[in-house]
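Following this message is one structure expressed as structure tokens.
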Amino acid sequence: MATTLGNALEFFPFLLVFTLIFGVLEKTRIFGTEKVGSEQLPRRNVNALVSFAVALMAVAAANVVAAIQQALPQVVLVLIILISFLLLFGILGKQEDLDVWSKFPTAGKIFMVAIFLAIIMIFLNAFGFLGATFDLVVGSGPMANGIIFLLILAAVIYFIVRRPEEKKGG
């Protein structure tokens, strides 16, 4: 028996794909701009039509919709973890400490790459490309968890005890 919420969730992948494609096309202005008054604006009609067509094609492919429905809860979990981390950092840090990206550029880059890789792995798993490898790493129990914990612990210790690099010539 279909519910109103169930029907709305079936429409969600279309809206998501349409919105993402439309946003990228508006930002990149791939199809050019048109002059409206004194401003150069993206061609919204072309962007909307292309976004609509791509979203329809994406929803027509059952495996794409299934991958979106499987991956999005995991991506949302990553986002919740990020927001929680930022909230804790904001609560526990001083106002001048909140500019983390300029104070720790290397750590920031590593953090961004880790988030990017996590999201890529989530979608690769949703399409079934990781399969046995992902199950081996995640599902192998205490051994894999211990190794991952030790690697994270080693990285944290490295960032705490390393000395700042000396600048040459200055």
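None of the figures in this text is laboratory data; all of them are computed from the coordinates on show. Keep in mind it's a predicted model, so treat the numbers as computed, not measured. Note that each Cβ is placed from the backbone with ideal geometry, even for glycine, and that neighbours are counted across all protein chains shown.
What residues have an amide H closer than 5 Å to that of GLU34, excluding those fewer than 5 places away on the same chain, when H is modeled at 1.01 Å from N in the peptide plane?
Here the answer is LEU41, ARG43, since their amide H atoms fall under 5 Å of that of GLU34.
Work out, step by step, the length gained on full extension between ILE30 and VAL161: first 0.36 nm times the residue separation, then minus their alpha carbon distance; give nm to one decimal. Don't skip to the end; give the middle numbers.
Details: separation 131, 0.36 × 131 = 47.16 nm, distance 4.69 nm.
Difference between extended and current length: 42.5 nm.
To continue, here is another question. Obtain the nm distance between the two label points defined at LEU150 and ALA107 by a simple spin-label model: each point lies 7 Å from its Cα along the Cα-to-C-beta direction.
Label-label distance for LEU150 and ALA107, simple model: 2.4 nm.
On to the next question. Fully extended, how many nm does the chain gain between LEU9 and SER84 (0.36 nm per residue separation, minus their Cα-Cα distance)?
Values: separation 75, 0.36 × 75 = 27.00 nm, distance 2.62 nm.
That works out to 24.4 nm of additional length.
Turning to a different aspect of this structure: What number comes out for the charge environment of LEU25, summing +1 per Lys or Arg and -1 per Asp or Glu over other residues with Cβ under 11 Å away?
Numbers: positive: LYS27, ARG29, ARG43, ARG44; negative: GLU26.
Its environment carries a net charge of +3.
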